[in-house]
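Report on the following structure.
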Amino acid sequence: MAEEKENISKKKIQPVRIKRILGGSVLASEKVTAQLPFVFFVVLLGLVLITNRNWSEKTIRKMEAVQDTLKELRAESVTHETRLMSVNRPSEVMRRVTERNLGLIEPKEPAMKIKLKKSE
């Protein structure tokens with residue numbers, strides 16, 4: 001019998017608490033109003049964290065875009081370097097000279113180094 005009374009009294013307490021919460025009287029209590037500065041501080045910290053997260057994600061997206069551009073430019077650089085190397089081969093230079101009839105001939109002797117004596 002005592003157990004039944006305890007169960008009944010517990011059941012009565014719960015609806016009263018739910019009524020107070022839904023009615024808004026809990027928010028008007030002195031305990032809650034004393035904690036409002038802390039609640040506002042926690043909300044402010046949450047907003048700062050959300051803003052920081054969004055800013056860092058935007059920065060990461062920009063960095064990835066720059067890295068993609070850098071990869072494309074490196075590939076383009078390698079392509080240009082390869083083409084330049086093929087154009088600078090002596091056989092390619094000679095072919096282009098003969099195509100354009102510039103009248104230049106390939107030297108038969110290697111270049112010589114000229115040495116000058118210093119006079120005092």
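The set of residues in the stretch 87-118 that are loosely packed, with under 10 Cβ neighbours inside 10 Å and of a type in the set (S, T, N, Q) comprises N88, S91, N101.
Residue-by-condition table, conditions (1) among the charged types (D, E, K, R); (2) within 19 Å of the chain's Cα centre (by Cα):
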position	(1), (2)
I50	no, yes
R61	yes, yes
L70	no, yes
A75	no, no
E81	yes, no
L84	no, no
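Just checking, how many residues over the stretch 28-68 are among the basic types (K, R) and not in a helix (DSSP H, G or I)? Within the stretch 28-68, residues that are among the basic types (K, R) and not in a helix (DSSP H, G or I) number 0. Of all residue pairs spaced 6 or more apart or on separate chains, those with beta-carbon atoms under 7 Å, a first member in the stretch 93-105 that is under 20 Å from R83 (Cα atoms) and of a type in the set (V, I, T) and a second member that is modelled with pLDDT under 90 and in a loop (DSSP other than H, G, I, E, B) are V97/L104.
The values are calculated or read from the model by the stated rules, or taken from the named source; none is laboratory data. Since the model is a prediction, treat every value here as computed from it, not as a measurement. Quick reminder, even Gly has a Cβ in these numbers, built from the backbone with ideal geometry, and neighbours come from all protein chains shown.
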